[in-house]
Amino acid sequence: MDDQTKNAIQDQINNNEVCLFMKGTPEAPQCGFSMAVTNMLKILEVNYKSVNVLENQSIREGIKIFSDWPTIPQLYVKKEFIGGCDIVKEMFENGELKKVFEDKGIEYKK
């Protein structure tokens, strides 16, 4: 991954408390996994920044290297990689995702 791509990814993570790298947009997700994560964030009414990896092939490939995680979507909260769809879904279902938001001072619907 080149420095420009790495810096672009790092900037999104640094400048947004909750950042979701996804396929498509929250209004028009381009894969079921991205849709699932956006739906969980909508239910919790969390403000987040989405990055559509389909708009930039270097970001799409780079985020996998950056996080050492092979799939998209990828959720970051306060610069910490939380996980992909399966992990976020499990955390949502067992209440851990709310705890992460609480611990990091992120507003959400209680």
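The values are calculated or read from the model by the stated rules, or taken from the named source; none is laboratory data. Keep in mind the model is a prediction, meaning the values are calculated, not measured. Cβ: placed from backbone, ideal geometry, glycine included. Neighbour counts: every protein chain shown.
Looking only at segment 1-30, residues that are under 20 Å from SER67 (Cα atoms), out of contact with any helix residue (DSSP H, G or I) (no Cβ under 9 Å at 6 or more places or on another chain) and loosely packed, with under 15 Cβ neighbours inside 10 Å come to 5 in all. For segment 46-101, which positions are under 16 Å from ILE9 (Cβ atoms) and in a loop (DSSP other than H, G, I, E, B)? Those that are under 16 Å from ILE9 (Cβ atoms) and in a loop (DSSP other than H, G, I, E, B): TYR48, ASN56, ASP68, TRP69, PRO70, THR71, ILE72, PRO73, LYS78, LYS79, GLY84.
Does segment 46-60 include one or more residues that are surrounded by fewer than 20 Cβ atoms within 10 Å (Cβ to Cβ), closer than 23 Å to TYR108 by Cβ, free of Cβ contacts under 8 Å to residues at least 40 places away in the same chain and of a type in the set (A, V, I, L, M)? No, segment 46-60 has no match at all. Residue pairs whose Cβ atoms lie under 6 Å apart, separated by 6 or more positions or on different chains, with the first residue in segment 23-44 and more than 21 Å from SER58 (Cα to Cα) and free of Cβ contacts under 8 Å to residues at least 60 places away in the same chain and the second of a type outside the set (Phe, Trp, Tyr) and in a loop (DSSP other than H, G, I, E, B), are VAL37/PRO73; THR38/PRO26.
How many residues are in contact with a Lys or Arg (Cβ under 9 Å, 6 or more places away or on another chain) and within 17 Å of ASP3 (Cβ to Cβ) when one looks only at segment 61-79?
Selection size over segment 61-79: 3.
Within segment 70-91, residues that are over 16 Å from MET35 (Cβ atoms) have Cβ atoms under 6 Å from residues that are part of a helix (DSSP H, G or I) and of a type outside the set (S, T, N, Q) in these pairs: PRO70/LYS64; TYR76/ILE13; VAL77/VAL100; LYS79/ILE13; MET91/LEU97, counting only partners at least 6 apart in sequence or on another chain.
Yes/no matrix, rows are residues, columns are (1) of a type in the set (Lys, Arg); (2) surrounded by fewer than 18 Cβ atoms within 10 Å (Cβ to Cβ):
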| position | (1), (2) |
| --- | --- |
| LEU41 | no, no |
| ILE65 | no, yes |
| PRO73 | no, no |
| TYR76 | no, no |
| ASP86 | no, yes |
| LYS89 | yes, yes |
| LEU97 | no, no |
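The single condition from (1) out of contact with any Phe, Trp or Tyr (no Cβ under 9 Å at 6 or more places or on another chain); (2) under 23 Å from GLY105 (Cβ atoms) that CYS31 fails is (2). Based on this model, can you work out whether SER34 counts as polar (S, T, N, Q), modelled with pLDDT of 95 or more and crowded, with 17+ Cβ neighbours inside 10 Å? Against the criterion (polar (S, T, N, Q), modelled with pLDDT of 95 or more and crowded, with 17+ Cβ neighbours inside 10 Å), SER34 qualifies. Considering segment 1-31, the residues that are in a strand (DSSP E or B) and among the aliphatic types (A, V, I, L, M) include one that is nearest to LYS78 (Cα to Cα), namely VAL18.
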